[in-house]
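The values are calculated or read from the model by the stated rules, or taken from the named source; none is laboratory data. Source: prediction; values computed, not measured. Cβ placement follows ideal geometry from the backbone for every residue including glycine, while neighbour counts extend to all protein chains displayed.
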Ligand code: F0G
């Protein structure tokens, strides 16, 4: 592990090992960000009904709400936009996009969608039926909600280490093969396919090993079930495999990514992550089974199969992004970003999910705020405190996102209470991360003053986006 981390620090593969985040780009266009006062932030938070999703982005200094669609495009991507062919049917931009996806995944059937959740909705509508069960390491919230909406049970079968924030394991995103085996033996007839999320976003941005994907695919295949990757962060996962998996260090991230796709039968991708685009997604499939039904549904709700809810220029940006994201210097910078902030926080005694994942640092709110009970929603409370303290917006991954109010009024709670600080790609510099560390360490010194919250309003599905709160 130490050797792996050392290699991460090396920008050009030589022996110089700076601990800085080496950003492998220079900045061509800048956008101002605004400091606010603590009083302003307190008022803005009240106006937002204590829900950071309701803040105006302009009132946020460092926006770590998500790494989704928030990245900076490269000069090559901006140039490609001008090449966008906006024809309704058969646009040149579609064929470029299709070629880029086929080249990466090896899957012949490529269906563009406006973002990842549209891909989920379409595939699940055509490939599942009520009463089905779909296993994964951990389903992301939209994936889970789209399955539930179709009457399908999403099952999270991550390895036990994946649920222990402090346990170090190189591939904490791995799926528990023993539990998959039992599921297939006991309820195999209800499983239409298996899924796995690369990297495991809801479990801390943790990677999955090639070996685990291979064994999972083999288990599914033995029962005649396909494997569908939720591959939004395929490049970050591939880089972790290169750095951590025995025998993989000499391969390129592209070779590893291709192998990951080759082990599965299809993928759902939000291009807003490792597509390095601001919008977009796709379904790609190896065989024809679901293709026609998916295309028909696409026409009904997204658009014609050669644009799927996207402009031609978006397809161009994704085609370039899927290539750039696998550059090794970019991926070193990318993984070093989370690792760098994580090191600072650990040195200051802040508990985080260890080791750091690819796209984010996850603060362990239970340990940060030991005086709060589950019913105080500690991770939600911590996300509010970060904004109040320093204008930083993160997102709760805990019982607001994954708990539920049952029909009898009782609340269920999630085993983890995390605040995710997710990093837009190629947007912030090392100074921004130094500032973030200062704010978090300052807050830690005064953690006992942080108050819990109670729900004032909530929706049935994806309640975290719209819920309103009051202080406990
Ligand atoms: N799957 C995973 C693993 C995701 O992280 C996301 C989105 C999706 C599917 C859905 O994609 O947003 O394009 O519809 N994650 C974002 C996040 C929203 O902040 O983690 P989408």
Test: residue in the range 419-440 that is loosely packed, with under 15 Cβ neighbours inside 10 Å and under 19 Å from residue 366 (Cα atoms): no
Top-ranked residue of the range 117-148 - restricted to ones that are within 15 Å of the ligand (Cβ to nearest atom) and assigned to a loop (DSSP other than H, G, I, E, B), ranked as surrounded by the fewest Cβ atoms within 10 Å (Cβ to Cβ): 140
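Please work out if residue 402 is within 14 Å of the ligand (Cβ to nearest atom), more than 30 Å from residue 72 (Cβ to Cβ) and surrounded by 17 or more Cβ atoms within 10 Å (Cβ to Cβ).
Considered against the rule, which asks whether it is within 14 Å of the ligand (Cβ to nearest atom), more than 30 Å from residue 72 (Cβ to Cβ) and surrounded by 17 or more Cβ atoms within 10 Å (Cβ to Cβ), residue 402 comes out as yes.
Please work out if residue 166 is in a loop (DSSP other than H, G, I, E, B) and touching a residue at least 40 places away in the same chain (Cβ under 8 Å).
Yes, satisfied.
Do we have residue 80 as in contact with a helix residue (DSSP H, G or I) (Cβ under 8 Å, 6 or more places away or on another chain) and more than 20 Å from residue 197 (Cβ to Cβ) here? So that I can check it myself, show each step before the final result.
Numbers: in contact with a helix residue (DSSP H, G or I) (Cβ under 8 Å, 6 or more places away or on another chain): yes; more than 20 Å from residue 197 (Cβ to Cβ): yes.
When the stated conditions are applied, residue 80 passes them.
Condition check ((1) surrounded by fewer than 20 Cβ atoms within 10 Å (Cβ to Cβ); (2) at pLDDT 95 or above) across all residues:
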{"site": "150", "(1), (2)": "yes, yes"}
{"site": "162", "(1), (2)": "no, no"}
{"site": "172", "(1), (2)": "no, yes"}
{"site": "180", "(1), (2)": "no, yes"}
{"site": "185", "(1), (2)": "yes, yes"}
{"site": "189", "(1), (2)": "yes, yes"}
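Could you check how many residues of the range 62-93 are more than 15 Å from the ligand (Cβ to nearest atom) and out of contact with any strand residue (DSSP E or B) (no Cβ under 7 Å at 6 or more places or on another chain)?
Qualifying residue count for the region: 22.
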Selection status of residue 159, in contact (Cβ under 8 Å) with a residue 12 or more places away in the chain, outside the structural domain of residue 420 (by TED's automatic domain parsing) and within 16 Å of the ligand (Cβ to nearest atom): no
